[in-house]
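Take a look at the structure set out below.
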Amino acid sequence: MRAFVSRNENESKEDAILRHAMSIMETRVRKYDLSFTNPNTVKQYVVGKLSTLEHEVFGIMFLNNQNQLIEYEEMFRGTIDGASVYPREVVKRALELNSAAVIFAHNHPSGITEASTADKQITRRLIDGLQLVDIRVLDHIIVAGTNTTSFAEQGLI
């Protein structure tokens with residue numbers, strides 16, 4: 001006789017598998033000092049971090065001069081359709097970690113990867129603030145499920 005597994009239990013198992021896979025990816029990134037110079041590598045990384053969330057999260061990959069990961073942090077958390085992002089806090093944290101470059105990523109729980117006007121405005125404000133302290137912004141990636149939009153590839157950065 002087959003045991004009944006509720007949808008929530010099934011989702012919990014899937015979430016556990018995804019967390020384990022992300023843990024393996026994190027270990028490999030650190031062990032092999034992978035550089036985040038390939039847009040597809042960056043996209044895979046942030047999809048693993050953000051694709052299953054039901055609320056908006058604004059994460060930042062803080063990178064060294066060789067574009068190797070110093071730290072990934074989910075700095076701001078929002079609701080289902082927005083998150084407040086504070087440039088002062090981003091600059092402060094980038095300086096604390098001695099970052100040479102950053103890559104922004106946030107998710108759209110709506111499933112639409114298109115950059116909103118607000119997304120473009122905050123990206124511009126962040127670029128301007130980080131530029132003052134010589135920290136490069138390499139990209140801003142929007143994640144919706146397994147789909148992504150790259151500001152760099154769209155010519156927005």
Q: Determine which member of the set GLY48, GLY59 is assigned to a helix (DSSP H, G or I), within 16 Å of SER150 (Cα to Cα), of a type outside the set (S, T, N, Q) and within 12 Å of the chain's Cα centre (by Cα).
A: GLY48
Q. Is one or more of the residues making up the range 72-90 basic (Lys, Arg) and within 25 Å of SER35 (Cα to Cα)?
A. no
**Q.** Of all residues making up the range 66-94, the number that are of a type outside the set (Ser, Thr, Tyr) and either more than 20 Å from ASP139 (Cβ to Cβ) or in a strand (DSSP E or B) (or both)
**A.** 15
Q. Among (1) over 14 Å from the mean Cα position of the chain (by Cα); (2) farther than 21 Å from ALA152 by Cα; (3) β-branched (Val, Ile, Thr), where does ILE135 come up short?
A. (2)
Q. Pick from the range 131-145 the residues that are farther than 16 Å from PRO39 by Cα and surrounded by 18 or more Cβ atoms within 10 Å (Cβ to Cβ): which of them is modelled with the highest pLDDT?
A. ILE135
**Q.** Scope the range 92-130; condition surrounded by fewer than 18 Cβ atoms within 10 Å (Cβ to Cβ) and β-branched (Val, Ile, Thr); matching residues
**A.** ILE112, THR113, THR117
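The values are calculated or read from the model by the stated rules, or taken from the named source; none is laboratory data. Keep in mind the model is a prediction, meaning the values are calculated, not measured. Every residue, glycine as well, gets a Cβ built from its backbone with ideal geometry; the counts of neighbours run over all protein chains shown.
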